[in-house]
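Data first, discussion second: the structure below is written as structure tokens.
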Amino acid sequence: MLKGNKIVLRPVELKDVDVLFHWENDPKNWLVSNTLTPFSKFFLEQYVMGAQNNIYADHQLRLIVEDKEGKACGALDLFDFEPHHRRAAIGILIEENSRGKGFAGEALELVCNYARNILNLHQLYCTIDEDNEKSMKLFGKLGFQVTGKREHWTWREGKWIDEYFLQLILKAD
């Protein structure tokens, strides 16, 4: 587990299937996850049971963001892990009623330190739609820099949305 002042990051467990089912099937969350179809509980159970929770084996790592009372309030993913190039993509979801409490910033900070010091990664990266001001601000505070822009990348509500590519160089080697 990775512990902060406000949250703990822990591996996904079977007890999380119900909350994952809720988060993964909320169309509001599909906007940032590029999901277009719902997930079944069976699929999520199989995912949790089949994950080795080893980023080198799975090429991804999902962690549950848990508040100090032990309530799952979000999930953080490292994915598209490339050990040879020492990089991974990062994404985070904090459920609506847990936002604004500093959980996302602390979770990202914990994972950036983990990626730098334990996984020995050189960089983390993410993509953020241009209209997601809160995420742009959050990742910017942690040192992520916009290094690219994909124009007309996402079709949503009858219009095209640009997407920014952000990187955080963790090690200067």
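The values are calculated or read from the model by the stated rules, or taken from the named source; none is laboratory data. What you see is a predicted model, and the numbers here were worked out from it, not measured in a lab. Every residue, glycine as well, gets a Cβ built from its backbone with ideal geometry; the counts of neighbours run over all protein chains shown.
As a summary of the residue check, residue 84 satisfies the conditions (1) surrounded by fewer than 14 Cβ atoms within 10 Å (Cβ to Cβ); (2) of a type outside the set (D, E, K, R); (3) under 30 Å from residue 162 (Cβ atoms) except for the one numbered (3). Listed by first and then second residue, the pairs with beta-carbon distance under 8 Å, at least 6 apart or on different chains, first residue in segment 124-143 and farther than 13 Å from residue 104 by Cα and part of a loop (DSSP other than H, G, I, E, B), second among the hydroxyl-bearing types (Ser, Thr, Tyr) and at pLDDT 95 or above, are 130/164.
Is at least one residue of segment 71-78 loosely packed, with under 15 Cβ neighbours inside 10 Å, within 16 Å of residue 4 (Cα to Cα) and of a type outside the set (S, T, N, Q)? Spell out the reasoning first.
Applying the first criterion (loosely packed, with under 15 Cβ neighbours inside 10 Å) to segment 71-78 yields 71.
Going one step further and asking which of them are within 16 Å of residue 4 (Cα to Cα), we end up with 71.
In the following step, the residues that additionally are of a type outside the set (S, T, N, Q) were identified as 71.
Checked segment 71-78: at least one residue is loosely packed, with under 15 Cβ neighbours inside 10 Å, within 16 Å of residue 4 (Cα to Cα) and of a type outside the set (S, T, N, Q).
Helices (runs of 4 or more DSSP H) fully within segment 1-94 that include at least 1 residues being farther than 22 Å from residue 132 by Cβ and more than 15 Å from the chain's Cα centre (by Cα): 17-24, 41-50, 55-58. Name the residue, out of 44, 36, 14, that is farther than 26 Å from residue 166 by Cα, surrounded by fewer than 16 Cβ atoms within 10 Å (Cβ to Cβ) and touching a helix residue (DSSP H, G or I) at 6+ places or on another chain (Cβ under 9 Å). Exactly one of 44, 36, 14 is farther than 26 Å from residue 166 by Cα, surrounded by fewer than 16 Cβ atoms within 10 Å (Cβ to Cβ) and touching a helix residue (DSSP H, G or I) at 6+ places or on another chain (Cβ under 9 Å), namely 14.
Of the residues screened, residue 61 is one that is modelled with pLDDT of 90 or more and buried (at least 18 other Cβ atoms within 10 Å of the Cβ).
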